[in-house]
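Q: Have a look at this one before I ask anything.
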Amino acid sequence: MAAGLMYLIDPLGQIQKANDAKRKSDLEQLQRTLEVYYNDNGKYPSSSTTAPTYRLYPNSVLYDWGSVWTPYNTTLPIDPTSSTRNYVYYASLNGQSYWIYASLEKSGDPQLCSPLDINGECSGIAANGITANSCGSSPGKPCNYGVSSPNVSP
């Protein structure tokens, strides 16, 4: 090691980065499953509209985050810090669009929604009638990252 070089380690930052990577991966995996569902049914699964846990509600069966969605042989993801943060799923009434949101910990993440609203949340939150801070108890846990069906933006 060269003299005079100093390496700083930020353990909390590394944990936050790993949690955010897991959130992104979880939402991307769920997107793939939702596209298979759409190909099978011609629409995306409906959603429950009960705050704060907006969940999948296909064929009048409510699926909790972390439960197995048997027809698609997949476990619905659960936030890595599930005691403080939630995923949010919302589908349009006609089943032709969906949005999934998470709360990233790293405020400088380049993949945060843009623009963020006054509460630091993706603009689709309010536009879809989702209760503010549904991704986690306030403060500091806004739904600031989202993915969606190809025909809309988070």
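Derivation of every value follows stated rules applied to the coordinates shown; laboratory data play no part. Worth saying up front: this structure is predicted, and the values here are computed from it rather than measured. Cβ: placed from backbone, ideal geometry, glycine included. Neighbour counts: every protein chain shown.
Q: Among the lysines in segment 19-154, how many pairs, 8 or more places apart or on different chains, have alpha carbons under 18 Å apart? Before the final figure, lay out the partial values.
A: Working: Lys22/Lys106; Lys22/Lys141; Lys24/Lys106; Lys24/Lys141; Lys106/Lys141.
Total qualifying Lys-Lys pairs in segment 19-154 comes to 5.
Q: Determine which aspartates and glutamates satisfy two conditions relative to Lys17: a Cα distance under 17 Å, and not lying fewer than 8 residues away in the same chain.
A: In chain and number order, the partners are Asp26, Glu28, Asp79, Glu105, Asp109.
Q: How charged is the neighbourhood of Leu12? Take every other residue with its Cβ under 13 Å from the Cβ of Leu12, and add Lys/Arg as +1 and Asp/Glu as -1. Spell out each step's value before the answer.
A: On the way: positive: Lys17, Lys106; negative: Asp10, Asp20, Glu105.
Surrounding charge for Leu12 is -1.
Q: For Cys113, list long-range residues whose amide hydrogen, built 1.01 Å from N in the peptide plane, is under 5 Å from its own amide hydrogen.
A: Tyr145, Gly146
Q: Right, next: Give me D for segment 13-148 in µm² s⁻¹, whole number, from Stokes-Einstein with Rh from the Kirkwood sum over alpha-carbon pairs, 25 °C and 0.890 mPa s. Numbers along the way, then the final one.
A: Numbers: Rh = 14.9 Å.
The diffusion coefficient I find is 165 µm²/s.
Q: To the nearest 20 debye, what charge dipole does the chain have about its Cα centre, counting +1 at the Cβ of each Lys and Arg and -1 at the Cβ of each Asp and Glu? Before the final figure, lay out the partial values.
A: Details: 10 positive and 12 negative charges, 16 e Å.
Dipole magnitude for the chain comes out near 80 debye.
Q: Mind listing the phi-derived Karplus ³J(HN,Hα) values for segment 81-92, rounded to whole Hz, using 6.51, -1.76 and 1.60 with θ = phi - 60°, and x for any glycine or proline?
A: Running phi through 6.51 cos²θ - 1.76 cosθ + 1.60 with θ = phi - 60° gives 10, 4, 6, 10, 9, 10, 8, 10, 10, 9, 10, 5 Hz.
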